[in-house]
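The values are calculated or read from the model by the stated rules, or taken from the named source; none is laboratory data. Keep in mind that this is a model prediction, so the values were computed, not measured. Here the Cβ positions follow ideal geometry from the backbone for every residue, glycine too, while neighbour counts run over all protein chains shown.
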Amino acid sequence: MKVKSAILQVNELPLSTRRAMFCLMQKHYANVESRQFEEDLEKKDWVILLTTDGDLCGFSTQVLHEHVLDGRKFQILFSGDTIVNPHCRNSLALPIAGGKMMLNILNTGRGCPLYWLLTSKGYRTYKFLPLFFKEYFPGPDREPTGPGKMLIEDFCIQFFREKFDRKNWIIKADANSQHLNIPDGIITEEKRKNPDIAFFEKRNPEYLKGDELVCFADFHQANIKPLLWKHLAKK
């Protein structure tokens, strides 16, 4: 079963696609409300859509921010709501589409550095980082450091305000926060054998309540693993 991807601007989304996205969120997340979903969607720039035989099987919302730190301009691509149906999770369609989007942003950014910001409610989204990037933060053997840490930390303080736990790099959930349904997001003993999954659970123990681990990677060719780069380099 081939998974196809497409990138649409939010204002181009047909009503039927918006409804399908909402239904997909309701299937995998708790506390999903229509008004909140639409309000959050309108704050985004693009949506990566995944389909099989014309039916929606996944999506990821994206928004590009320009952030100035110490007089220097940076670009931050923030991935919002992301969900993929189980039968499509082995496909590379989503990371390839997202990678090509970031590559295009980088190539048109006139030398402006680009960072990918991901707030992970579940281990599946966190696993994109070790799979495709050589350096990413945080990780089992690495903590945020250097300019990237200062940039993302400053952005999160401004963007998430009091919800951002600066010490642990967690976006704290409240009583109305969306969270993964059980058993869709639960980490089993078998999954804990994977060091990346074990690390995610250790750093984000309240993930089932909706807490999100703040993660980032510096997006440039030297930091992208060959598995992903060979797809991005194709014309």
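Taking the stretch 1-25 as the range and being of a type in the set (S, T, N, Q) and either under 16 Å from Arg89 (Cβ atoms) or modelled with pLDDT under 95 (or both) as the test, only Ser5 passes.
Return the residue satisfying two criteria in turn: it lies in the stretch 194-223 and is over 16 Å from the mean Cα position of the chain (by Cα) and within 22 Å of Phe155 (Cβ to Cβ), and of such residues it is surrounded by the fewest Cβ atoms within 10 Å (Cβ to Cβ). In this case the residue turns out to be His220. Checked against (1) at pLDDT 95 or above; (2) part of a strand (DSSP E or B), Gly80 passes all but condition (1).
Answer yes if at least one residue in the stretch 111-118 is among the small types (Gly, Ala, Ser) and surrounded by 13 or more Cβ atoms within 10 Å (Cβ to Cβ), and no otherwise. No. Scanning the stretch 28-38 for residues that are over 24 Å from Leu77 (Cβ atoms) and either part of a loop (DSSP other than H, G, I, E, B) or in contact with a strand residue (DSSP E or B) (Cβ under 8 Å, 6 or more places away or on another chain) (or both) returns Ala30, Asn31, Glu33.
In the stretch 85-109, what residues are assigned to a loop (DSSP other than H, G, I, E, B) and within 24 Å of Glu153 (Cα to Cα)? First the steps, then the outcome.
Of all residues in the stretch 85-109, those assigned to a loop (DSSP other than H, G, I, E, B) come to 85, 89-92, 108-109.
Gly109 - this is the single residue of the stretch 85-109 that is assigned to a loop (DSSP other than H, G, I, E, B) and within 24 Å of Glu153 (Cα to Cα).
When the stretch 194-232 is filtered for residues that are touching a Phe, Trp or Tyr at 6+ places or on another chain (Cβ under 6 Å) and assigned to a helix (DSSP H, G or I), the ones remaining, listed by number, are Ile197, Phe200, Asn223, Leu228. Residues considered: Asn85, Asn104, Asn168. Of these, the only one that is farther than 24 Å from Lys202 by Cα, touching a Lys or Arg at 6+ places or on another chain (Cβ under 9 Å) and not basic (Lys, Arg) is Asn85.
Taking the criterion of being over 28 Å from Lys149 (Cα atoms) and in a strand (DSSP E or B), the residues of the stretch 39-58 that qualify are Leu49, Leu50, Thr51, Thr52, Asp55, Leu56, Cys57, Gly58.
Filtering the stretch 1-24 to residues that are among the hydrophobic types (A, V, I, L, M, F, W, C) and surrounded by 15 or more Cβ atoms within 10 Å (Cβ to Cβ) leaves Val3, Ile7, Val10, Leu13, Ala20, Met21, Phe22, Leu24.
Of all the residues in the stretch 139-193, those that are surrounded by fewer than 18 Cβ atoms within 10 Å (Cβ to Cβ), assigned to a loop (DSSP other than H, G, I, E, B), touching a strand residue (DSSP E or B) at 6+ places or on another chain (Cβ under 6 Å) and touching a residue at least 40 places away in the same chain (Cβ under 8 Å) number 1.
If the condition is being assigned to a loop (DSSP other than H, G, I, E, B) and among the small types (Gly, Ala, Ser), then the stretch 110-138 contributes Gly111, Gly122.
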